[in-house]
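Nothing in this text is a laboratory measurement; each read-out follows from the coordinates by a stated rule. This one's a predicted model, so the numbers in the text were calculated from it and none came from an experiment. Backbone-built Cβ (ideal geometry, glycine too); neighbour counts: all protein chains shown.
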Amino acid sequence: MRQPRLKWIILTALALGITSPEPVFAQRQGGFLSGLFRNNQNNRNQQAAYSAQRNANRAVQSALNFFAFNVGVVDGIFGRKSRAAINDFQAFMGYEATGTLTHEERDFLMSSFNKLSNENEALALKISLGLVSAQDALRALSENGAIVAEAEELAAPQGPLSMRALCVNIGADTPFEHVKAQFCNLRQLAVEQSNFLLETSLSTSEIGPIIEGCQSFTAELRPQLLQLATTDSTELISEMDLWLRRAGASTEKLTRQAETCLGVAYQHDDSEAALAALLVLSGLKNPIYIEQTGYHLALGLGLEGTRELARARGWMEAAIAAQTGDIMSLTSQTSQQRTEVLVDIITLLSAPE
């Protein structure tokens, strides 16, 4: 008799919308679903805290790089190189060199970075061009609490015009400025692509080998770099194709490696390393990077300032020939749109200034 009665009670409860009580073990533990929710919420809280800490670390790394305490890639991870940069910053400022910032040291570093990079645009530009020493400006802030005139009047260092300086000083005086603008647009897109690839690495342990691979590109490809001023684009691209086949790595891996290296080279204003990465990507028949190699030749970037306009036109023509009709991944333009740009560039290179 008990079973039919129990069945009737359950059916009545369901009909009335009455929920059955939780099992005793679930009540004691707060309920299985309640516990699961707490676990998920704790995971989300931990992930949010990790993300916030990594963003804060990136800000510190950016500030250290700005003041020439080189941390390398801004990845939000305080590894050996970041701690060495912190140690250098502390020693420079006369703090105890521990490799770990105190709250006061972090506050001074970040407030100085904001003053020099955001509040004084003219001085920030001079620092980015290498016309003013960021470390001297930092010391002036420490000693005087303000940016003193002497920091703004430092002499410009000797040396060829950097890629960064070239992109800051684009004007509209001559049609050739359009060539510079196209180079700088692709340079910026390459930096963004590199940062994205570093952010989406499967693990942070991949970043070190990637950066080491960038250095090896430059060393191994020095013979090809020396040929840029004397060898036609088609011949050099074919030579790079053979080099890549001997490398034995997958196209995907080589592309990811070289695109990462290109952005890193641009961020560090290393035109030779940028050209090495571009040669690899050109050997992979990527038209955007074939085009970018042409801009390096046209502007003398990585070639000791010597412009190779005829060679540059050849690379632009090779970029047109390499297009397949697809969307250009880096620029999000169609092949037809990019071809129109290249035709204009080839015309400008025929009578640049």
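Here are some notes:
- Relative packing of 238-251, 334-347, which averages over residues the other C-beta atoms within 10 Å, highest first: 334-347, 238-251
- For the pair GLU96 and ALA229, a Förster radius of 41 Å applied to the C-beta separation gives a FRET efficiency near 0.20, rounded to the nearest 0.05.
- The length gained by stretching the chain between ASP344 and HIS103 to full extension, at 0.36 nm per residue less their Cα-Cα distance, is 81.4 nm.
- Reducing the stretch 263-289 and the stretch 181-199 to their Cα centroids gives an inter-centroid distance of 11 Å.
- Only Lys, Arg (+1) and Asp, Glu (-1) charged, at Cβ; the stretch 163-350 dipole about Cα centre in debye: 120 debye
- Cβ crowding within 10 Å averaged over residues, with 289-302, 215-228 ranked highest first: 289-302, 215-228
- Taking a ≥ b ≥ c as the square roots of the eigenvalues of the Cα gyration tensor, the stretch 163-350 is rounded, since a/c falls below 1.5.
- The reciprocal of the average 1/r between distinct C-alpha atoms defines the Kirkwood hydrodynamic radius, which for the stretch 260-353 equals 13.4 Å.
- As a rough guide to protection, the peptides 87-100, 67-80, 264-277 ranked by mean Cβ packing within 10 Å, highest first, stand as 264-277, 67-80, 87-100.
- In this structure, THR200 and GLU177 have a Cβ-Cβ separation that, at R0 = 56 Å, corresponds to a calculated FRET efficiency of about 0.95.
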